[in-house]
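J.: Got a structure here, written out as structure tokens. Questions coming.
The values are calculated or read from the model by the stated rules, or taken from the named source; none is laboratory data. Keep in mind it's a predicted model, so treat the numbers as computed, not measured. Positions of Cβ are generated from backbone atoms using ideal geometry, with glycine treated the same way; all protein chains shown enter the neighbour counts. Areas reflect the complete protein model, heavy atoms only, side chains present, ligands, DNA and RNA absent. Shrake-Rupley method; radii C 1.70, N 1.55, O 1.52, S 1.80 Å.
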Amino acid sequence: MRILIVEDEKKIADALKKGLENKSYAVDVAYDGQKGLDLALSENYDLLILDRMLPLIDDGLTIAKEVREQGKNVPILILTARDTVPDTVQGLDIGADDYLAKPFVFAEFLARVRALLRRRTEIIGDVIEYAGLSLNTDTFEVKRNGTNIQLSKKEFALLEHLLRNAPQIVPKENLIDNIWSFESDVLPNTLEVFIGYLRQKVDKPFPDQPPLIKTVRGFGYKIDEM
Ligand code: CA
């Protein structure tokens, strides 16, 4: 597993690099945002760890946005100061996966890193796959462990959006914005109703498999095999 740390506080960057190397990860460090962005775009990392406040490019979230715009699906952890946590949480919408407020203990950091490095969605051509569940965006075929699943258009769109982000959480507002157009009437429980339909088709017929569609109370939903 290869990890990039973008952090201008040299002491923190070097301590994190050393700690991760002790756990057998390969680690590159960039001490400014421009170098960090260049590396993030040119190399293939399994995880990006971006400090929120950086020289040259003054914001780790800007790097996260840029990386996503270039179509990279790599997990991103943002390190942030306590007083910028609210902005950072909002920033998760633009493509970062998780954040950690400084100061933190290494064990907590490592737990986040491990979680983000867990098996993620694979996208090969038109097929999006996670934990035996696959969806073809060209033929609209959906399968779980080889068994076909029939979905309506809306159910398909919802599953596709969740699957693209698996195993990360997708906020409710983000799901609604992506699945329903402005003119349609989305009632407060519309999303819950459709999640219920999906569970009936994706999880219920497979009692010997772990349920994949998870509710994250007060926040949103995710597809996660854990
Ligand atoms: Ca900094």
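J.: Counting pairs of Cα atoms in segment 22-146, how many percent are more than 20 Å apart? Mind showing how you got there, number by number?
T.: Values: 3864 of 7750 pairs.
For segment 22-146, the share of Cα pairs beyond 20 Å comes to 50 percent.
J.: Could you tell me the largest-minus-smallest coordinate of the C-alpha atoms of the chain on each of the three principal axes, in descending order and whole angstroms?
T.: 53, 38, 30
J.: While we're on this one: Straight-line reach only, C-alpha to C-alpha below 25 angstrom: list the lysines that K10 could link to, leaving out same-chain residues fewer than 8 apart.
T.: Hits, sequence-local ones excluded: K18, K23, K35, K65, K102.
J.: Averaged per residue, what accessible surface does segment 127-223 expose to a 1.4 Å probe, in Å²?
T.: Here the residues of segment 127-223 average 54 Å² of exposed surface.
J.: Please enumerate, by chain and number, the lysines with C-alpha under 20 Å from the C-alpha of K204, excluding those fewer than 8 residues away in the same chain.
T.: Correct list for K204: K143, K153, K154, K214, K222.
J.: Mean-square fluctuation check for the chain, GNM, Cα pairs under 10 Å: which of Q150, Q70, Q34 is largest?
T.: Q70
J.: In addition: Report the one residue of P207, F104, T88 whose Cα lies farthest in the direction of the positive end of the charge dipole of the chain (charges on C-beta: Lys and Arg +1, Asp and Glu -1; origin at the Cα centre).
T.: So the residue we want is P207.
J.: Roughly how many nanometres apart are two label points built 7 Å out from the Cα toward the Cβ at E108 and I123?
T.: 3.2 nm
J.: What is the mean projected area of the alpha carbon convex hull for segment 127-223, to one decimal in square nanometres?
T.: One quarter of the hull surface, i.e. the mean projection, equals 6.0 nm².
J.: If you don't mind, there's one more thing I want to ask. DSSP beta bridges in the chain, what fraction antiparallel, as a percent rounded to 5?
T.: Details: 19 of 37 bridges.
So the antiparallel bridges amount to about 50 percent of the total.
J.: Also, quick follow-up: Could you identify which residue out of V105, V67, V27 has the top mean-square fluctuation in a GNM of the chain using Cα springs shorter than 10 Å?
T.: V105
J.: Mind listing the Cα extents of segment 63-118 along all three principal axes, in Å, largest one first?
T.: For segment 63-118, the Cα extents along the three principal axes come out at 32, 27, 13 Å.
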